[in-house]
1. Distance cut-off 20 Å, Cα to Cα: go down the list Lys176/Lys322; Lys19/Lys284; Lys32/Lys142; Lys62/Lys176; Lys40/Lys85 and report the pairs above it.
2. What residues of the range 96-116 lie in the reach of a label at Ser316, counting those whose backbone N is under 20 Å from a point 7 Å from the Cα along Cα→Cβ?
3. Quick one: go through the range 45-79 and flag any residue whose amide nitrogen is under 15 Å from the point 7 Å out along the Cα-to-Cβ line of Leu208.
4. Starting from the Cα-Cα distance between Asp237 and Gln156, subtract it from 0.36 nm times their residue separation and give me the gain in nm to one decimal.
5. Between Glu227 and Glu342, take the C-beta separation as r, use R0 = 35 Å, and let me know the FRET efficiency to the nearest 0.05.
6. When the chain is fully extended, how far beyond the present Cα-Cα distance does Glu129 get from Lys17, taking 0.36 nm per residue of separation?
7. So what is log10(I(q)/I(0)) for the range 4-197 at q = 0.10, 0.18 1/Å, when the Debye sum runs over its Cα atoms only?
8. Please give me, ordered by residue number, the trypsin sites (Lys or Arg not before Pro) of the range 66-169 that lie in loop per DSSP and have at most 13 other Cβ atoms within 10 Å.
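Nothing in this text is a laboratory measurement; each read-out follows from the coordinates by a stated rule. It should be emphasised that the depicted structure is a prediction, and the values quoted were computed from it without experimental measurement. Here the Cβ positions follow ideal geometry from the backbone for every residue, glycine too, while neighbour counts run over all protein chains shown.
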Amino acid sequence: MLSTIEILHQEKKSSIKKKIALLGGIENYKDKFQEVMSSKSLPIDNKQNIGVNISRIDYSYKNDFKFEYLLWNIDCGQRRAYLRKIFYNGAEAIVILISETKLDQIIQYFNEIHNQLQNVNLVFCIILENSTHDIIRNKYFKNGDLKILFESTNFQLCNITEPSAIINQLSSIFMKKLKYKELENFNLIDLIQRDLLFPQSNIKDECLDYFEPLNNDLRINHIVNTEKLIKYILKLDLDITLDPFNWIKIKNSTFGTFSIFLKNGNVYYFPKICENCKNKKCSKLKNAPFFICIEAESQSWTNIKGFDQPEILMLSKILALKDGTERTLPMSVLKQIIPINECEKKRKKK
């Protein structure tokens, strides 16, 4: 298994491939963004016919690392709304172009994406034509629902001056994740003047209403109430560690240490056998912690005010992982844990 440094050296020689989904009701702006940024693109007629158009962005990050982005420009109109979510699969970042006239769509798209993808980096790009950066900041991000979303999800508010800045931000995020093994996703809100985004262009802001795609699954559909969840967890007599960055660490006597990120419910596993291992060069130790997939298989309910399925699912994960054994944990989870929890060196000696 290659170390992170070895991987980075290899990436200098070849392109790092990532998928980006492009959303938002400003279809003409999205098409122009794709045209400006792309090295190669399929005919735009594909978007009208099947609901998506795909292009490639070749991007050099700090002249050292080459990125090859596949940009999926997804139709967000009413006619294609039922298709939209099938194009999300595999996306590691989603860029949403937002009109200054419909900022409420930030919450609508955020909830939609949160419902479909738990592990994705988000960039909302607000396109300004009649408003200024300060007006938007003071009017929308210092009170109301956008302030709650902004603070609860650690969004970073940025001013940008060219469309390539969005790709540069994503490249920086992916490099940090690769180099430092970052687990948390990044959420950005960019503010840019329309004339800087599309200079010498006559296209106008013709933003569509938000049309929600069909949702037939049981995944969570709103932001996790971490404040309420933490207060309730602290009332329980559980031998767990809660840090200021919304991580819970759970020591399991059988398997090792599980870490849960409260904001999205992602679970990571550090095997017990690695905790006691003295071989610091072990490839498994370098790749720990490991992501463990735990999803709800049925609807749940609660009579605690402020609790809904996301909070109940999070609490269920904590309780299940705290005292879980090979007899009590679901087979789908055990199949992921047991192979990781075996020492490769000892296994070769058998």
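1. Lys176/Lys322; Lys19/Lys284; Lys32/Lys142; Lys40/Lys85
2. Once the point is set 7 Å along Cα→Cβ of Ser316, 114-116 turn out to lie under 20 Å by backbone N, inside the range 96-116.
3. So the set is 45-53, 73-79.
4. Details: separation 81, 0.36 × 81 = 29.16 nm, distance 3.52 nm.
The span from Asp237 to Gln156 would gain 25.6 nm if fully extended.
5. On the way: r = 39 Å, r/R0 = 1.12.
It comes out at approximately 0.35.
6. So the extension gain works out to 37.0 nm.
7. One equal scatterer on each Cα of the range 4-197 leads to -0.41, -1.33.
8. Passing sites in the range 66-169 are Arg79, Lys142.
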